[in-house]
Amino acid sequence: MSFLNPIFLLALIAVGVPLLIHLLNLRRPQKVSFSTLAFFRELKNTTIRRIRIKKYLLLLLRLAAIACLAMVLARPFLPPGLSGGGNAQAPTLNAILLDNSISMSRIGTQGPLFEYGLEIIKKIEESSKDEDRFMLQLTNGEGEYGSIMSHANIQKSLESVEVKPAGNFIDKRLQELITSVREAPYQNKNIFIITDGQFSQLQELQDQELEDIKLTVIDVGDVEVQNTKVTEISTSTNMIGADIPFVLNVELANQGDINAVNQFVSLEFEGENAGQYSVALEPNEEKIFTFEITPSKTGSAKGKIEIEGDEFQPDNEFYFTVQVPESRNILWINEGNQNPEFISYTGTMLRAAGENDAQLSYRQATVDILETDGLSEFSAVLIDGVENIPEYSFELLQDYVQNGGGVMFFPSEGGDISNYNSLFSQFNAGKFGSIQGKYASFRTVATADELLEDHPAFTGLFEREENEDLRFTAPDIYYYLKLVKPNSGTGFDLMTMNNGDVLFYEKRFGEGSLIISAIGNDPGWSNFSVKPLFAPFYYRLLLYSASSDQGGFAAHRLGNAFSWRGNIDSENAVIEIGEDVIKPTVDVVPSGIRLSYPAEEWQPGWITIKDESRSYIISSNLSPDESDFTSMNEEQLVNLMEEADLMWVPAGELGEEELQEEIMASGFGREIWSWFMLAGLLFLVMESLVSMWYKAETVS
């Protein structure tokens, strides 16, 4: 225990005053002669003993009360190092993690939350000893401060910190801070987190190892503010091409308890205004606004969504990039020695598609290509009638789909089903079970009568009146492999048969997909090839598989390390962002070239990846969680960080003096003068009760 005003301990001398008075009253009594002792015979030895006990008890209570008063004046406190075995007078290392996310730009009762956070850090600095040292780290953007600083350096650092609309790395920064504090040669160590209590940020700390960590969370306050944000953009199709219009869906949400009125959302695409809507949203309401846009050329097309009239400005711009591939190059893998009696119609379909679509080309090869070449130059892989797929290619195909590629699989009538199932297991895509029908029997065992019309591959394929049932000439199936679907993961029955079995099945895996057909593409399986649906159905599926890699949106979410895979020159690959040119880490992977970069300093906007001949533009945006200002309370935080020695300071609810006391208590020791004040009052009350109720003089 230490004292803020140790000079007042001199007041303990006052304890001797009652003791001195007591000693002065110990004079021996004089003998006085009386004519009779009748009135004193009732005084027994026991009564005199009780009087003495009462006198000494009252003396002790009065001495204790005066001693407590002296302790109150000296303002005793318990240093935090006391519980950890440290020396209260030894230097202390104060590590501070400051929230500088966009939510801290809100204005509370104490002014801007971020400015209030800086004031709290100054109070921590002012409350510390001259020999104490500091560490400062920020939650968002690049970690600029990691060294141990003196009083002068921490004050200088506070002049340059600011709110940054960059990615949030609170989990990483706290872990780095804890590691540095544990390794630092200081007996007394404190860690402060200064934040607005944003739930989406603090919940990232749930996996931290916080055992034996003393942590003080200072909440600068919560502010009710109306905020409209872009939660998601999407399109019904990723089969995007030059001069082909498509619909972009923009989802807005009113993140708060205040109505959103007199607001507008507009979309700019390729430098031109693509439309505007007025916005009115109830609290916590979400609404989708649709815009039709048309890329004018191949390559990367930039767009931006802007919200006007919103009370909270930092998240009112959302960037996106549409990738329009110059060509979709298909790798067609087959046996090469097909049965001349039953020729696959895949080649006919590919040739017709290539003649009618300048953006579609294909290359025919056998499975040997998987041993010698990579797949990075191809938009989709079509495995058609291969009897046995080499096991060495399984990992290559899995990685290809994982990173955005599309694979279409058609079985062979003489194929090795166990080999097929081994491939499917790499994607958790189920397996082929029993064989139905007989190949080339031309006897119908089922008909394909149901199509998943809402699937992106078939959008706009059919024209029909509203509420009109979808009708098409159903193909007859003579022979097929019964597919047993998996129990988990994301999959879709693209076409099913009248007996409930699936004919075409899509399994989403990573960023790409695997499409499995239960039948092959020659007449021995079905009469599908002579039906009107055949050509558009296969073309759309092929285009869909080839579009998942290059077509659609290319985006990076701030707060994560940047990673991009594609076909680019590894030696000359660079990243351009603003005026900065960055040389990323380059790795060769089965699906092409992978570029990596920490991206901690990046802010919303566009990123350009380029070599000497090619360039790709990618958008970067904050996570939607950064715009969710829901706050975490003390109970939730204690449950989240149950291993830590946690103290919660609601700074937004405290006055200046109260805050100063809490800072002293959390980082530099808790004042306990109030304990002595209560004890002194208790002693005085006990003294009064003893005086009133302890009748030692009464003779029973």
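See the values below:
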quantity: Residue among 396, 423 that is assigned to a helix (DSSP H, G or I), of a type in the set (A, V, I, L, M) and open to solvent by 10 Å² or more (accessible area, probe 1.4 Å); calculated: 396
quantity: The stretch 545-577, residues that are open to solvent by less than 50 Å² (accessible area, probe 1.4 Å), at pLDDT below 85 and under 24 Å from residue 250 (Cβ atoms); calculated: 547, 548, 551, 552, 554
quantity: Every residue from the stretch 182-213 that is part of a loop (DSSP other than H, G, I, E, B), of a type outside the set (Asp, Glu) and in contact with a Ser or Thr (Cβ under 6 Å, 6 or more places away or on another chain); calculated: 197
quantity: Every pair of residues 6+ apart whose Cβ atoms lie under 9 Å, when the first sits in the stretch 289-311 and is more than 15 Å from residue 265 (Cβ to Cβ) and open to solvent by less than 10 Å² (accessible area, probe 1.4 Å) while the second is among the hydroxyl-bearing types (Ser, Thr, Tyr) and assigned to a strand (DSSP E or B); calculated: 301/321
quantity: Members of the stretch 376-392 found to be crowded, with 19+ Cβ neighbours inside 10 Å and more than 20 Å from residue 517 (Cβ to Cβ), listed by number; calculated: 376
quantity: Qualifying residue in the stretch 466-478 (condition: acidic (Asp, Glu), under 17 Å from residue 432 (Cα atoms), modelled with pLDDT of 90 or more and surrounded by 12 or more Cβ atoms within 10 Å (Cβ to Cβ)); calculated: no
quantity: Test set (1) in a strand (DSSP E or B); (2) over 29 Å from the mean Cα position of the chain (by Cα); (3) not basic (Lys, Arg) - residue 241 fails condition number; calculated: (1)
quantity: First in the stretch 521-534 and within 17 Å of residue 441 (Cβ to Cβ), second anywhere and assigned to a helix (DSSP H, G or I) and of a type outside the set (S, T, N, Q), Cβ under 8 Å, 6 or more apart; calculated: 528/534
quantity: Residues located in the stretch 254-280, provided they are open to solvent by less than 70 Å² (accessible area, probe 1.4 Å) and either touching a His at 6+ places or on another chain (Cβ under 7 Å) or among the β-branched types (Val, Ile, Thr) (or both); calculated: 258, 265, 279
quantity: Residue satisfying condition, being open to solvent by 10 Å² or more (accessible area, probe 1.4 Å), of a type in the set (Val, Ile, Thr), in a strand (DSSP E or B) and in contact (Cβ under 8 Å) with a residue 60 or more places away in the chain, within set 231, 216; calculated: 231
quantity: Any hit, the stretch 89-98, residues being assigned to a loop (DSSP other than H, G, I, E, B), crowded, with 16+ Cβ neighbours inside 10 Å, of a type in the set (Ser, Thr, Tyr) and modelled with pLDDT of 75 or more; calculated: no
quantity: Subset of the stretch 513-544 that is outside any loop (DSSP other than H, G, I, E, B) and among the polar types (S, T, N, Q) - its residue that is surrounded by the most Cβ atoms within 10 Å (Cβ to Cβ); calculated: 526
quantity: Single condition residue 144 does not satisfy, out of (1) surrounded by 18 or more Cβ atoms within 10 Å (Cβ to Cβ); (2) outside any helix (DSSP H, G or I); calculated: (1)
quantity: Which numbered condition residue 454 fails, given (1) among the acidic types (Asp, Glu); (2) part of a loop (DSSP other than H, G, I, E, B); (3) open to solvent by less than 40 Å² (accessible area, probe 1.4 Å); calculated: (3)
quantity: Residue 609 being in contact (Cβ under 8 Å) with a residue 60 or more places away in the chain and either in contact with a His (Cβ under 7 Å, 6 or more places away or on another chain) or farther than 25 Å from residue 172 by Cα (or both); calculated: no
quantity: Failed item in (1) closer than 29 Å to residue 240 by Cβ; (2) open to solvent by 80 Å² or more (accessible area, probe 1.4 Å); (3) modelled with pLDDT under 65, with residue 354 passing the rest; calculated: (2)
quantity: Single residue of the stretch 484-512 satisfying the filter (touching a Lys or Arg at 6+ places or on another chain (Cβ under 9 Å) and part of a loop (DSSP other than H, G, I, E, B)) that is nearest to residue 446 (Cα to Cα); calculated: 501
quantity: Among (1) surrounded by 12 or more Cβ atoms within 10 Å (Cβ to Cβ); (2) modelled with pLDDT of 80 or more, the one test that residue 488 misses; calculated: (1)
quantity: Of all residues in the stretch 661-695 being open to solvent by 60 Å² or more (accessible area, probe 1.4 Å) and of a type in the set (D, E, K, R), the one that is modelled with the highest pLDDT; calculated: 661
quantity: So residue 432, is it at pLDDT 95 or above and not hydroxyl-bearing (Ser, Thr, Tyr); calculated: yes
quantity: Pairs with Cβ under 9 Å, 6+ apart, first in the stretch 491-508 and at negative phi and surrounded by fewer than 20 Cβ atoms within 10 Å (Cβ to Cβ), second of a type in the set (A, V, I, L, M, F, W, C) and not in a strand (DSSP E or B); calculated: 492/452; 493/452; 496/452; 498/474; 499/445
quantity: Selection count, the stretch 239-286, where residues are touching a helix residue (DSSP H, G or I) at 6+ places or on another chain (Cβ under 6 Å) and more than 30 Å from residue 299 (Cβ to Cβ); calculated: 1
quantity: Residues satisfying the stated conditions in the stretch 115-130, i.e. open to solvent by less than 20 Å² (accessible area, probe 1.4 Å) and either of a type in the set (A, V, I, L, M) or free of Cβ contacts under 8 Å to residues at least 60 places away in the same chain (or both); calculated: 118, 120, 121, 124
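The values are calculated or read from the model by the stated rules, or taken from the named source; none is laboratory data. These numbers come from a predicted model, not from an experiment. Don't worry about glycine lacking a Cβ; one is built from the backbone with ideal geometry, like all the others, and counts go over all protein chains shown. Ligands, DNA and RNA are stripped out before the accessible areas are found, and what is left, the full protein with its side chains, is counted by its heavy atoms. Shrake-Rupley method; radii C 1.70, N 1.55, O 1.52, S 1.80 Å.
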